[in-house]
Amino acid sequence: MPKRKFSVLIGFFVLSICINKKFKFNTKKDIGDIKFHKDGHEERYINKFNEMKKEYSKNSFFRTFLEEISLISYDYINSTNNQNNKIHIMVNLDNKYIYPLIVSITSALTNAKKNKTTLIYHILCSKNLKKGNIYKLKSLLLIFPYNLEMIFYNMGNAFIKYKYQKYSQVTYYRLISPIFLPIDRIIYLDCDVLIFNDLYEMYQTPFKNNYILGFLDILSGGIDYLGIPSEKYINAGVLLMNLEKIRKDNKHFELLYMAKYHKKLKHQDQTVINYILYPYIGLLPFKFGLFNFPSVFDIKYIYLKNIRQKLNLSELIDALNNPSIIHFVLCYPKIWRKNTIYNGFSTRNGTIYRSSCENFHRIWILYAKKTLFYDEIMKKYNL
């Protein structure tokens, strides 16, 4: 029997044991020392990663960040099918968001085109991320052996000073990604998203000379004090990033340099991204996602009132009924923050009342059921 098929069969055997015995993934031993596939594909990427680090480390400013970053592992069970559409996705992670991320990745893989799309997740880990949580994520490779690759990076103390109020330094990791990820484009996703369609069409969206594409942040009202109008200010939770152009135009240096002033900035790193990359910021088509408004009326009213932009109502209706991505921006409390209470958000045009999002919570739980950690999730969040 070919080694590749044998490794997949071993993976499914371990998976069946885990499901039948409600196995808890806490250590490497718990997942049976899975033998992940290793070949030239993995080695080539690691070499490119090391080459980029070496090149940019010649600059003393970049060196202070890069010397903290290391590649933990590159894992996949089945060798990547060269005919598959490859989609690179980046996420920032600490221990707090391990279960939301597992649910998010599960939704993406459940709705990806089987045997046609490979999702390559670049997971930027905080220094104190527990090894048990890394192996919980790696268990997804058993469930989706043909559609998933996972690359884990230890970000060390790269942004240890970048913590302010409710914002963790983890959110700043994406700012340095252009100088250590040897790829040209990548989707960035917060952990509080659900994906309902194959993402390849979104991944291939033309940049049209823009550095970045995203969804308008209608809550912030823009950052007029820095000269960024509402029509261009995007939310940083879902992004399509043009890493090649950011590097070519040396915007990676500006992103990191401005981040030094994060404590003085509204919305911290999100404002850094908008300010440095303005005006070359584009909008993702509505069909790929919206803030999770409870109705078309709310969408049209808030967008028109806050950004004074003409919108196609039929396009909005279709986006509301058939979203590719749901970002839990307006959901308070979020399902994993049951004790958090927010009644409304004040903007320059009045108060926007946030939805309880019970319908989105139900959908989130349905995807949680598809994971190996459903019981743990329900217990942890008291659902």
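What follows is calculated from the coordinates using simple rules that are stated; it is not laboratory data. Just so you know, these numbers come straight off a predicted model, no measurement behind them. Glycine also receives a Cβ, built like all others from the backbone with ideal geometry; neighbour counts cover every protein chain displayed.
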How many nm is it between the label spots at K113 and S70, if each spot is 7 Å from the Cα in line with the beta carbon?
4.0
Added length on full extension, which subtracts the Cα-Cα distance from 0.36 nm per residue, E231 to K266:
10.9 nm
Pseudo-spin-label distance T205 to N250, built 7 Å along Cα→Cβ, given in nm, is 3.0
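Quick check on the exposure proxy: order E244, E43 from fewest to most C-beta atoms within 10 angstrom.
Working: E244 14, E43 11.
By the 10 Å Cβ count, ascending, the order reads E43, E244.
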How large, in Å, is the range 67-158 by the Kirkwood hydrodynamic radius built from its alpha-carbon pairs?
13.5
Using 7 Å Cα-to-Cβ label points, what is the I317/S60 separation (nm, one decimal)?
6.3
List the residues whose amide H sits under 5 Å from the amide H of I325, counting only those 5 or more places along or on another chain, with H placed 1.01 Å from N in the peptide plane.
F196, G289, L290
Assuming a ≥ b ≥ c are the square roots of the Cα gyration tensor eigenvalues, decide whether the range 117-228 counts as rounded (a/c under 1.5), prolate (otherwise, with a/b larger than b/c) or oblate.
oblate
